[in-house]
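What follows is calculated from the coordinates using simple rules that are stated; it is not laboratory data. The structure presented is a predicted model; accordingly, all values stated were derived computationally and were not measured. Cβ: placed from backbone, ideal geometry, glycine included. Neighbour counts: every protein chain shown.
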Amino acid sequence: MIAEPESRRKGLAREALTLFMAFAAAELGVTKFVAKVGEANAASLRLFREGLGGLRFEEVRFCETWREHTLALRVEGAAAAALREAAAGLVRGAYDTP
C-alpha cells in the first residue's frame, strides 16, 4: 500500500511487488501468489490485473460478503520468465551487520 497520496501513481507499488515476487520465486521457491483486493480499490485491481507487465493476476473468486476480489498468479511460463529476469537484477546484501 502506498499510503501517501503524493507518492501514488509513480510506479512504486509495481516495482516493489515485482521485486518482492522475484525474490520469493527465486530464493524461496514460491510457485503461486494470491492477492485479496477490496472492490472499491480500483487502482490495486488495475495493478494486479494489468499493471505488472507480464505478470497478470487472474480473478479466482469474488466474495459478496466482504466485497473482495481474490486474484492469483502461478509462477509458470511467461510469468516465471519475467520473474527470473527481475531476479537477475536483485542485489543481495548483509542487513544484520552495522
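Listed here are the residues, each with its yes/no results for (1) within 15 Å of the chain's Cα centre (by Cα); (2) of a type outside the set (Lys, Arg).
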{"residue": "Glu6", "(1), (2)": "no, yes"}
{"residue": "Glu27", "(1), (2)": "no, yes"}
{"residue": "Glu50", "(1), (2)": "yes, yes"}
{"residue": "Phe57", "(1), (2)": "yes, yes"}
{"residue": "Arg61", "(1), (2)": "no, no"}
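Can you find a residue in the range 17-31 that is of a type in the set (Gly, Ala, Ser) and over 24 Å from Val91 (Cβ atoms)? Among the residues of the range 17-31, not one is of a type in the set (Gly, Ala, Ser) and over 24 Å from Val91 (Cβ atoms), which makes the answer no. Selection of first residues in the range 70-91 that are without any contact (Cβ under 8 Å) to a residue 60 or more places away in the chain and of second residues that are among the hydroxyl-bearing types (Ser, Thr, Tyr) and part of a loop (DSSP other than H, G, I, E, B), restricted to Cβ pairs under 8 Å at least 6 apart or on distinct chains, gives the following pairs, ordered by first then second residue: Arg74/Thr31; Val75/Thr31; Glu76/Thr31. The criterion of being out of contact with any Lys or Arg (no Cβ under 9 Å at 6 or more places or on another chain) and either closer than 21 Å to Val30 by Cα or not aromatic (Phe, Trp, Tyr) (or both) holds for Glu85. Residues of the range 21-61 that are free of Cβ contacts under 8 Å to residues at least 12 places away in the same chain, touching a strand residue (DSSP E or B) at 6+ places or on another chain (Cβ under 9 Å) and within 16 Å of Ala79 (Cα to Cα): Ala24 alone. Over 21 Å from Met1 (Cα atoms) and surrounded by 11 or more Cβ atoms within 10 Å (Cβ to Cβ): is that true of Ala16 in this structure? For Ala16, the condition - over 21 Å from Met1 (Cα atoms) and surrounded by 11 or more Cβ atoms within 10 Å (Cβ to Cβ) - is not met. Residues that are part of a loop (DSSP other than H, G, I, E, B), of a type outside the set (Gly, Ala, Ser) and either in contact with a helix residue (DSSP H, G or I) (Cβ under 7 Å, 6 or more places away or on another chain) or buried (at least 16 other Cβ atoms within 10 Å of the Cβ) (or both) within the range 26-67 comprise Val30, Leu52, Leu55, Arg56, Phe57, listed in sequence order.
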